[in-house]
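Okay, so here's the structure we're looking at.
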Amino acid sequence: MFSFSEENYLKAVFHLERRYKGGVSTNALAEEMETKASSVTDMIRKLSDKQLVIYKKYQGVKLSEKGRATAIEVIRKHRLWEFFLVEKLNFNWDEVHDVAEQLEHIKSEKLTRELDKFLGFPKRDPHGDPIPDAEGNFSVSNKLLLSELDKGQTGICVGVKDTSADFLRYLDKNKIALGKTVEVKDIEDFDNSMLIIIDGEELRISQAISGNLFIKM
């Protein structure tokens, strides 16, 4: 059994490893966890003692196999609960993250298995992120950021990079949703803002928006 804080750190290291493709620095982890570097150092020591992470000076921290399996299980529960809240309890996709943050720490393996079965073994959460299966495997999807598309290209919106409530509410306000077809009609040279067509309507979006929408070609 691990504490909520320990599980949150493992989850953070997992995400940062994927972002930086290597050892995670204490400063990067402190920024992610919104805490002091000294607090991160203390936690890394605890996680290392429990053989959940591997720390090497000047190379950063990495998850051990045991730590990776624990992190993936927490992520699996988080994303299953998000799916449940949206599909079964009528939550909006901008409301579920904080609730799932609490539910992800429930320890019952049976509850997780039965929840997955009850939901029909979903592959992706409401934000388009893959839900690991019971063996910890993620479904692979070839996707690009909308900002990487060229003028005239078209794709389907399959996920969001930014899952903050403000960003999701912006998407709702402008009727941008998963499954919608997006066509890049024009790209402004000055600031890389885009003129897109979605549901037959033209919409001008900033690079901050296009850089947070995943598209499948």
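Compute the length gained on full extension between ARG113 and SER39: take 0.36 nm times their separation in residues and subtract their Cα-Cα distance, giving the result in nm to one decimal.
23.2 nm
If you take every residue apart from ARG204 with its C-beta less than 12 Å away from the C-beta of ARG204, what net charge results, scoring Lys and Arg +1 and Asp and Glu -1?
That works out to -4.
With every protein chain present, what is the per residue accessible area of the range 23-124 (1.4 Å probe, Å²)?
It amounts to 60 Å² per residue over the range 23-124.
Please report, as a whole percent, how much of the solvent-accessible surface of the chain comes from carbon and sulfur atoms (probe radius 1.4 Å). Please report the intermediate quantities before stating the final value.
On the way: 6070 of 12390 Å².
Using a 1.4 Å probe with all protein chains present, the chain comes out at 49 percent carbon and sulfur.
Take the Cβ-Cβ distance between ASP199 and SER139 as r, set R0 to 22 Å, and report the resulting FRET efficiency rounded to the nearest 0.05.
Approximately 0.25, to the nearest 0.05.
Note the per residue figure in Å³ for the convex hull of the C-alpha positions in the range 16-97.
Convex hull volume per residue, Cα atoms: 111 Å³.
Which whole-number percent is the relative contact order of the chain (Cα, under 8 Å, 6+ apart)?
Values: 315 pairs, mean separation 32.9, N = 217.
For the chain, the relative contact order is 15 percent.
The values are calculated or read from the model by the stated rules, or taken from the named source; none is laboratory data. Quantities reported herein were computed from a predicted structural model and do not represent experimental measurements. When we count neighbours, we look across all protein chains shown, and the Cβ atoms used for this are built from the backbone with ideal geometry, even at glycine. Quick note on the areas: whole protein, heavy atoms, side chains included, nothing else; ligands and nucleic acids left out. Shrake-Rupley method; radii C 1.70, N 1.55, O 1.52, S 1.80 Å.
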